[in-house]
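Here the structure comes first, spelled out in structure tokens, and everything after it is commentary.
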Amino acid sequence: MNNSELVSSFAEIAREKGIDRDSLQLIMEDVMREMIRTRFGSDEAFEIIFNPDHGDMQILHIREVVEDYDLSDPVTQIELRDAIMIEEDYEVDDEVAEEISVVEFGRRAVQRGRFTLRNRIRDHEKENIYLEYLDLVGELVVGEIYQIRRHEILVIHNRVELIMPREEHIPRDRYRKGDMLRAVVKEVRRDAGSNPQVIISRSAPQLMERLFELEVPEIDEGIVEIRAVEREPGDRAKVAVISHDERIDPVGACVGLKGNRIHAVVRELSNENIDVMEWTDDQFLLIKRALSPANPISVTINDSVAPPKAKVIVKPDEVSQAIGKNGINIRLASRMTGVELDIFREIPADEEDVEIGEFGDEFSKEIIDKLREIGCDSAKAVMQLSIDELIRRSGLETEDATRIMDSIKSEFEEEEEDELEEELGI
């Protein structure tokens, strides 16, 4: 096998793998140098010249001419008598460039070259996969489920294996081998010597963004922009949008006629309940919109703490709506606004209440200050909370929280008894 035949043989393998000519040339040079090192022990005295137009290459062995019997390194030096046999005009200290053929390398060197070629092609494919999917982070991909494991699902996309860990699933999803799966590329991991790991997700907020782009032309065209997405996958989500054209209603564009657009997204996400709201830079208004379907009466923000906190007053019959099932609505609203929200029931003006400071003889100043910090500045405000909620907000011990609640309830029970006795004339 001569040089041209070897190049053609290696090039055919590379073409099957879709390697471009420039990359092939770099790979071929590495392969040739590995073969040279196998045959001669070093590649420092060799030059490789490619002729891409003719699919050929030259391997030149460059050596310095030395006096006869003065040879110390046969790889980098050649005796004068041998140099003259190549060309009569050579003298001591000249450089001799002699073309050599891979035929002279021997079978072992050629086999080593083939092994190096396969490794370099494999490395090239890994690098291409890594770069390709690195550009796709945050983008939607559609692949076929080919294996379901206990902690992950494997998906094939363009002949590349994608991994969706259990924590990236939508809890309500049910997966079957052979099903097509939509997900977003979350990250691409690369460890030395191993294949790139492409991690996909159906729980990431970006999936909802990409699905809205597919269903809402105004988003795809940039007229409507998604400013924020907060999700509890498979359960509920809030999406804040804004229009760059005053003639376009951003919420209406996302919902669509009779809800056809948003319903398509909801179905893809296992019936995840989606609230679409209009974004605003007004923090007070943003909080009110984020707490929908509740309609807060007032919002008081404390920016002196980190993260900021807000006391939100709602009508008594809207408290449960503002908080949501298992607290999901208030959690999503807090994440959407970046403000820790505390919900309080509106107390009618004619409803009797007691300022929390009146309990100074029963509670320490530290406890009263903690209650005031979380917006519980009256007895009725404390009674709106459960024991667990009081502990979570204030950081009080269970024993103290229970004592506080019992004392306040006892105070109101005594007042009710006094009023009853007055009515009966006792």
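Taking 7 Å along the Cα-to-C-beta vector as the label spot, tell me the E127-S8 distance in nanometres, rounded to one decimal.
Taking the simple label geometry, E127 and S8 are separated by 2.8 nm.
With springs only between Cα atoms under 10 Å, which of I330, I49, I368 fluctuates most in a Gaussian network model of the chain?
Per the Cα network of the chain with a 10 Å cutoff, I49 tops the list.
Quick one: length gained pulling Q111 to E389 fully straight, 0.36 nm per residue minus the C-alpha distance?
92.9 nm
Return the whole-Å distance between the Cα centroid of the range 314-393 and the Cα centroid of the range 124-196.
Taking the Cα centre of the range 124-196 as reference, the centre of the range 314-393 is 45 Å away.
May I ask you to give the percent of accessible area on the range 201-247 that is carbon plus sulfur, with a probe radius of 1.4 Å?
Numbers: 730 of 2020 Å².
Within the range 201-247, the accessible surface is 36 percent carbon and sulfur.
In debye to the nearest 20, how big a dipole does the chain give about its Cα centre with +1 on each Lys and Arg Cβ and -1 on each Asp and Glu Cβ?
Its charge dipole is roughly 2460 debye.
Could you pull out every one of the aspartates and glutamates with an alpha carbon less than 15 Å from that of K409, ignoring same-chain neighbours closer than 8 positions?
E352, D353, E355, E358, E362, D400, E417, D418
Mean separation of Cα pairs under 8 Å and 6+ residues apart, divided by the residue count of the chain: what relative contact order is that in percent?
Relative CO of the chain lands at 7 percent.
Kindly state, to the nearest 0.05, the FRET efficiency for D135 paired with A264, given R0 = 30 Å and r defined as their beta-carbon distance.
For R0 = 30 Å, the calculated efficiency reads 0.65.
I'd like the chymotrypsin sites (Phe, Trp or Tyr not before Pro) in the range 45-129 restricted to DSSP loop residues with at most 16 other Cβ atoms within 10 Å, sorted by number.
Within the range 45-129, the qualifying chymotrypsin sites (Phe, Trp or Tyr not before Pro) (loop, at most 16 other Cβ atoms within 10 Å) are Y69.
Taking the Cβ-Cβ separation of R149 and D20 as r and a Förster radius of 30 Å, what is the calculated FRET efficiency to the nearest 0.05?
Working from the Cβ atoms, E equals 0.25.
Holding the Cα-Cα limit at 23 Å, pick out from K186/K325; K238/K325; K309/K380; K311/K380; K186/K309 the pairs that are longer than that.
Among K186/K325; K238/K325; K309/K380; K311/K380; K186/K309, the Cα-Cα distance tops 23 Å for K186/K325; K186/K309.
Could you tell me which of A310, I368, N158 has its Cα farthest along the dipole of the chain towards the positive end, charges placed at Cβ (Lys, Arg +1; Asp, Glu -1), taken about the Cα centre?
N158
Which option, (i) 223, 50, 34; (ii) 125, 51, 44; (iii) 138, 54, 44, is the value of Cα extents along the principal axes in Å that was calculated from these coordinates?
Recomputing Cα extents along the principal axes in Å here gives the entry labelled (iii).
Rounding to the nearest 20 debye, state how big the charge dipole of the range 35-93 is about its Cα centre with +1 on each Lys and Arg Cβ and -1 on each Asp and Glu Cβ.
That gives the range 35-93 a dipole magnitude of about 460 debye.
Provide the per residue accessible area, probe 1.4 Å, for the chain, rounded to a whole number of square angstrom.
I get 56 Å² per residue for the chain.
With the crude spin-label approximation of a point 7 Å out along Cα→Cβ, what separation in nm comes out for S72 versus E221?
Distance between label points: 7.9 nm.
Determine, from the Cβ-Cβ distance of T398 and D249 and an R0 of 51 Å, the FRET efficiency 1/(1 + (r/R0)^6), rounded to the nearest 0.05.
Step by step, r from the Cβ atoms, then E = 0.55.
The values are calculated or read from the model by the stated rules, or taken from the named source; none is laboratory data. Remember, predicted model here, so these are calculated numbers, not experimental data. Because the Cβ atoms are built from the backbone with ideal geometry, glycine has one as well, and the counts that use them run over all protein chains shown. Note: accessible area is taken over every heavy atom of the protein model, side chains too, but ligands, DNA and RNA are not part of it. Shrake-Rupley method; radii C 1.70, N 1.55, O 1.52, S 1.80 Å.
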